1. For R90 and V42, calculate 0.36 nm times their separation in residues minus their Cα-Cα distance, and state this gained length in nm to one decimal.
2. Determine ³J(HN,Hα), in whole Hz, for all residues of segment 54-61 in sequence, where each value follows from phi through the Karplus function 6.51 cos²θ - 1.76 cosθ + 1.60 and θ = phi - 60°; x replaces Gly and Pro.
3. For L60, list long-range residues whose amide hydrogen, built 1.01 Å from N in the peptide plane, is under 5 Å from its own amide hydrogen.
4. Check T107: other-chain or 5+ apart residues with amide H under 5 Å from its amide H, H built from backbone geometry?
5. Once you place label points 7 Å from the Cα toward the Cβ at L101 and L64, how far apart are they in nm?
Amino acid sequence: MIFKALQPEPSEPSQPTPPQLPQPAMPEEQPEAQASPPAAEVIIPQNAFLIMAGTQAIPLDKALITIGRSHDNTIVLDDPRVSRKHLEIRVVRDHFVLFDLNSSGGTYVNRQKVTQGILYSGDVVSLAGVTFVFTQDSSLRSPGTDPLSAQSAGDRHTAIFNSSLDALNKKKKGWW
């Protein structure tokens, strides 16, 4: 059995027309270049630092900061445990957000392995054993980051996204 596609029958026989290629506009016909809207300007939160070895304060004054062994990173760590391109810290909606770049040694925030997460003042970040503390002085402090509270640096719960911990928790709950 042969099936034919249902097509309306033409009322008049027509000649096939060759495909038309778009014609370039003549100079006098070209519309004036429209100004593209300005890119959203990233506002970098003030007074944010990475404290390394308890003595070195590195200001976070760019919208994108890369950390790793490679010399083209913003912050270069000369440690064989750190990957060449280990980590990015980006400004997202007025917050510093950490992104692990599939590093071999992993990235930990407050002793929890993460692939990405928002950084809060007092967070202890470890790159394969190289540790630093994120600090940000702000008049409006996030909950749990008050220096006078009973919690010390690294004791606050951490926001974790897309981590191996999610899969572990789902297995414990019998999700698969």
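1. 16.3 nm
2. x, 10, 9, 9, 9, x, 9, 10
3. HN-HN under 5 Å from L60: A48, F49, L50.
4. V114
5. Each label point is offset 7 Å from its Cα along the Cβ direction, giving 1.0 nm.
Bear in mind these aren't lab numbers, they're just calculated from the coordinates by the rules spelled out. As the structure is a prediction and not an experimental result, all values here were calculated from the model. Note: ideal-geometry Cβ built from the backbone for every residue, glycine included; neighbour counts use all protein chains shown.
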